[in-house]
Number of protein chains: 2
Amino acid sequence: MDRIKVIEVKEDILANNDRAAQALRERLHDEKTLLINLMSSPGSGKTTLLSATLDALANELAIGVMEADVDSDVDAYTVQDHGARAVQLHTGGMCHLDAAMCEQGLRELGTDGLDLVFIENVGNLICPAEFDTGAAKRVMILSTPEGHDKPLKYPLMFEVSDLIIVSKIDVAEHFDFRLDELEKNVRLRNPNATIVPLSAKTGEGMDVWLDWLRQEVRSWQA
Amino acid sequence: MDRIKVIEVKEDILANNDRAAQALRERLHDEKTLLINLMSSPGSGKTTLLSATLDALANELAIGVMEADVDSDVDAYTVQDHGARAVQLHTGGMCHLDAAMCEQGLRELGTDGLDLVFIENVGNLICPAEFDTGAAKRVMILSTPEGHDKPLKYPLMFEVSDLIIVSKIDVAEHFDFRLDELEKNVRLRNPNATIVPLSAKTGEGMDVWLDWLRQEVRSWQA
């Protein structure tokens, strides 16, 4: 009986959330700020990728970052050190961001003059996939130590993502990680997502990710 | 306003869940079956650890495993191949197991004659920490690729765990993972948890984990 109650409340919330997310997305389109929702498991390398991305694009784009965490501020300080305008969102124990939380964060961050804003979502492959934050694009990171079978186990996350980054590709050999198997598993759920293997540590594959970002910003601002 | 509604419903559920969990724990104590709730991020090596554990304890203990996943059955087949009585629980998109779901799983598994039952919880460092499943002990796995800063970001999981396994210790050097830093971060939240570094692949540290299990089963059945 308890479980039915949860689901009813959640559906109500999701419907309201979808409306709020769509309104936020339209406003950001008018303001020419591309918002990207970056999602992954804990420890997949979101902050490391963001730091390398900020370093590479510093002279081209004005970038903001909203770091979402259950607790701690370490990531916000890290990305700030790499030149981003940054805020830290504490979710108060919640396992995801919704559109209202995201809008509140953007108000604190200030989007004036920003071409690109990243949400570094809470490290979680399940709940964040269910909530539209108002972002224009959803990007997920799967790190090679997690294994190529993850699309079978966390299908919704792989289904809703526009771009799937395979991070820590430099250590893939230590984990029997097979890119062809991953692609096969992704395609069961998502025929269209772009898959980009890279290593923010060695730089391998970073150009593909950076070009994708440049192209998305150009399209959003056209 | 939506967020307040969620929290109220959740508190109600948590109170009911705590009662159900306590009743289940007492029943399992009478039946001399030790239930262990195994939690971690996706891809931390839960199934690999369980397989190695089953191989090592096959001649000593009768062991059951409940595999919980949003989707897929692959893990249940794997642990069954290693000699466990196994069932697969599909959570229907939910990000954790509660006591009622756990009890339902145990009914299907059948606990008759089992000394030890593992719940392999959904891969998630946030939500499963909030729900008492009725297990006697909570064990979490942190894999070295995830980084030693995780107790700062997912504090509740580290706080509620009786034992913290640091898995994939054989590849720690590739990830600047420092065990002393991890221990420092854990102690901020949990002064008592035992920390066991191991590699299910090389066997390093497995004896400490196996001895802990043997001791817990003895105490539970005494």
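The values are calculated or read from the model by the stated rules, or taken from the named source; none is laboratory data. None of the values given here were measured: they were computed from a predicted structure. Neighbour counts are summed over all protein chains in view; Cβ atoms, including those assigned to glycine, are modelled from backbone coordinates with ideal geometry. Surface accessibility is based on the protein's heavy atoms, side chains included, excluding ligands, DNA and RNA. Shrake-Rupley method; radii C 1.70, N 1.55, O 1.52, S 1.80 Å.
When you scan region B:52-74, how many residues do you find that are in contact (Cβ under 8 Å) with a residue 40 or more places away in the chain and either open to solvent by less than 10 Å² (accessible area, probe 1.4 Å) or β-branched (V, I, T) (or both)? Spell out the reasoning first.
Initially, region B:52-74 is screened for residues in contact (Cβ under 8 Å) with a residue 40 or more places away in the chain, giving B:52-53, B:56-57, B:60-70.
Now restrict to residues that are either open to solvent by less than 10 Å² (accessible area, probe 1.4 Å) or β-branched (V, I, T) (or both): B:53, B:57, B:63-70.
Within region B:52-74, residues that are in contact (Cβ under 8 Å) with a residue 40 or more places away in the chain and either open to solvent by less than 10 Å² (accessible area, probe 1.4 Å) or β-branched (V, I, T) (or both) number 10.
So, restricting to helices (runs of 4 or more DSSP H) that lie completely within region B:146-187, which ones have at least 2 residues that are in contact (Cβ under 8 Å) with a residue 24 or more places away in the chain and over 20 Å from B:D132 (Cβ atoms)?
B:150-153, B:179-187
Which number in (1) over 16 Å from the mean Cα position of the chain (by Cα); (2) part of a loop (DSSP other than H, G, I, E, B) marks the one condition that A:L125 misses?
(1)
Name the residue, out of B:E26, B:E67, B:E103, that is acidic (D, E), within 13 Å of the chain's Cα centre (by Cα) and within 23 Å of B:S161 (Cα to Cα). Show your work before the answer.
Values: B:E26 fails: within 13 Å of the chain's Cα centre (by Cα); B:E103 fails: within 13 Å of the chain's Cα centre (by Cα).
Going through B:E26, B:E67, B:E103 in turn, just one is acidic (D, E), within 13 Å of the chain's Cα centre (by Cα) and within 23 Å of B:S161 (Cα to Cα): B:E67.
Looking for something open to solvent by 10 Å² or more (accessible area, probe 1.4 Å), of a type in the set (S, T, N, Q) and more than 13 Å from the chain's Cα centre (by Cα) - is there at least one such residue anywhere in region B:142-152?
No, that holds for no residue.
Suppose we filter A:L89, A:L97, A:L106 for residues that are among the aliphatic types (A, V, I, L, M) and assigned to a strand (DSSP E or B); which single one remains?
Details: A:L97 fails: assigned to a strand (DSSP E or B); A:L106 fails: assigned to a strand (DSSP E or B).
Only one candidate qualifies: A:L89.
All but one of (1) at the interface with another protein chain (Cβ under 9 Å from one of its Cβ atoms); (2) crowded, with 24+ Cβ neighbours inside 10 Å hold for A:P155, so report the exception by its number.
Failing condition for A:P155: (2).
For region A:164-222, what are the residues that are at positive phi and open to solvent by 60 Å² or more (accessible area, probe 1.4 Å)?
Taking region A:164-222 as the starting set, the residues that turn out to be at positive phi are A:168, A:176, A:203, A:205.
Selection gives A:D176 alone.
Do you know which of the residues in region A:109-122 that are within 12 Å of another protein chain (Cβ to nearest Cβ) and part of a loop (DSSP other than H, G, I, E, B) is surrounded by the fewest Cβ atoms within 10 Å (Cβ to Cβ)? Even if it seems obvious, please write down each step before you answer.
As a first pass, look at region A:109-122 and keep what is within 12 Å of another protein chain (Cβ to nearest Cβ): A:120-122.
Imposing the further condition that a residue be part of a loop (DSSP other than H, G, I, E, B) reduces the set to A:121-122.
Numbers: A:N121: 30, A:V122: 24.
Of everything passing the filter in region A:109-122, A:V122 is surrounded by the fewest Cβ atoms within 10 Å (Cβ to Cβ).
Being under 22 Å from B:P42 (Cβ atoms), among the β-branched types (V, I, T), crowded, with 19+ Cβ neighbours inside 10 Å and more than 8 Å from chain B (Cβ to nearest Cβ): is that true of A:I126 here?
Values: under 22 Å from B:P42 (Cβ atoms): yes; among the β-branched types (V, I, T): yes; crowded, with 19+ Cβ neighbours inside 10 Å: yes; more than 8 Å from chain B (Cβ to nearest Cβ): no.
No.
Kindly establish whether A:I195 is within 26 Å of A:M94 (Cα to Cα) and outside any loop (DSSP other than H, G, I, E, B). Spell out the reasoning first.
Details: within 26 Å of A:M94 (Cα to Cα): no; outside any loop (DSSP other than H, G, I, E, B): yes.
So A:I195 does not fit the description; no.
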